[in-house]
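Right, one structure below, let's go through it.
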Amino acid sequence: MKNRDGVRQLGKGLYEVNFRPFPGADRIFRRVNVQSLQEARIKRAELLAESSRLGKPSELQRTRQDSDIIELQKVIENDLLSDNKGKKTINRFISCWKTFNQFLRKKYSDIVSINELKAGHFKDYQDYIVIEKQRKKGWRAELTILKAIFTRLRIRNYCTDDAIGELNKLKKPPRNKKHYEDIPDFAIREMLTFIDKDRPDYYGLTVLLYKCGWRIEETTLLRRADIEWQGLKPGSILIRGETTKTKVERRFDMFDDELALVIRRYAFDRKKTTWLFSNKQNGKIHAGHYREYLKKVSGNIMGKTITPHYFRHRLCTIAGRMNMPINDVMAITGIRDIKVLLEYYQHTTAEGKAKILALNSLK
């Protein structure tokens, strides 16, 4: 039975009731054993009254929820810093928030708190980005970041569930599909040979990205202590949860000879460093510095500029083309969401589309 007024029948004599004890509070779900829908509604009212009496928002919560929008920029920045987010991520979030503030000052200067915002305000913000700023392709990313900001503010009690609900009425547009850029293996290997001579500290990192399709952030944060050895061969590497996008740790335990040789080379180097892949000063490799280096080198050698994330797309696309089991691809790359793998990483290719056309040849 559908939810009516916060009451849903689960079975004979069993109902689920839900309610918020006060505006901005998390919704509470309870199961009750009663004989009718009317009794379930009465029970819900009793539970709501009791929870409201015990769970009124504190003075701190009320103060935070009334905060001026302009003051929240520092809150967002500190929240990202506490989660150990990189400078690039922080700058992107703050840039989004500044743009949102500019829109509000221009269109709705009377609004002070984010909890005053309704779905119509956010829809006008979409028009502001797409039409006035002429960023039609940028709206999806802008909305994604804005929702992430509001979620963070909700956790900190600056934003209510009602405001989140108003924002969530705007659905993200579909991702812009990009044509996958085929780069031959020999060109990639030529680039790897150059990197080994030019920046040997970057070589092992590049090989791991190329062979496994990991994210750059989690790969630069691998520690020597994360490796479990079986004699002189690596048995597994722990990818710690705090370094991953999903915050879930995993163990990687599949090494071919090439990969094992690279891991051994950097783990047994005499450098006094914590990191498996360290820079020239034995410190952690900065993901942004490596990204810029790879873009420059790939452009010079292959004539095509790539980023570290290209290797992730490449591995998944080639695996899909060869009909490799999806579970195996997920195990190697660390991708946890099968929808992400199917929608975002299996790109169309020139080779694949040519084969489709060749199925019905006129010759």
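Structure notes:
- Residue match in the range 26-39 (condition: more than 30 Å from C159 (Cβ to Cβ), of a type in the set (A, V, I, L, M), in contact with a strand residue (DSSP E or B) (Cβ under 8 Å, 6 or more places away or on another chain) and at pLDDT below 75): no
- When M324 is tested against the conditions (1) in a loop (DSSP other than H, G, I, E, B); (2) over 22 Å from K353 (Cβ atoms); (3) of a type outside the set (G, A, S), the lone failure is (2).
- Test: residue in the range 247-265 that is in contact with a helix residue (DSSP H, G or I) (Cβ under 8 Å, 6 or more places away or on another chain), at pLDDT 95 or above and aromatic (F, W, Y): no
- Filter result (surrounded by fewer than 19 Cβ atoms within 10 Å (Cβ to Cβ) and either within 15 Å of the chain's Cα centre (by Cα) or farther than 19 Å from I111 by Cβ (or both)) within the range 124-144: V130, I131, K133, Q134, R135, K136, K137, G138, R140, A141, T144
- Among the candidates R291, R251, residue that is surrounded by 12 or more Cβ atoms within 10 Å (Cβ to Cβ) and basic (K, R): R291
- So K177, is it more than 25 Å from K74 (Cα to Cα) and at pLDDT below 90: yes
- In the range 225-260, the residues that are over 17 Å from L205 (Cα atoms) and among the aromatic types (F, W, Y): W229
- Listed by first and then second residue, the pairs linking a residue in the range 277-288 that is surrounded by fewer than 13 Cβ atoms within 10 Å (Cβ to Cβ) to a residue that is at pLDDT 90 or above and part of a strand (DSSP E or B), with Cβ atoms under 9 Å apart and 6 or more places separating them unless they lie on different chains, are G283/W275.
- No other residue among T333, T348 is modelled with pLDDT of 75 or more and of a type in the set (S, T, Y) apart from T333.
- Test: T206 is in a helix (DSSP H, G or I) and over 20 Å from K85 (Cβ atoms): yes
The values are calculated or read from the model by the stated rules, or taken from the named source; none is laboratory data. On a predicted model such as this, the values are computed, not experimentally measured, just so you know. Every residue, glycine among them, receives a Cβ derived from its backbone with ideal geometry; neighbour counts consider all protein chains shown.
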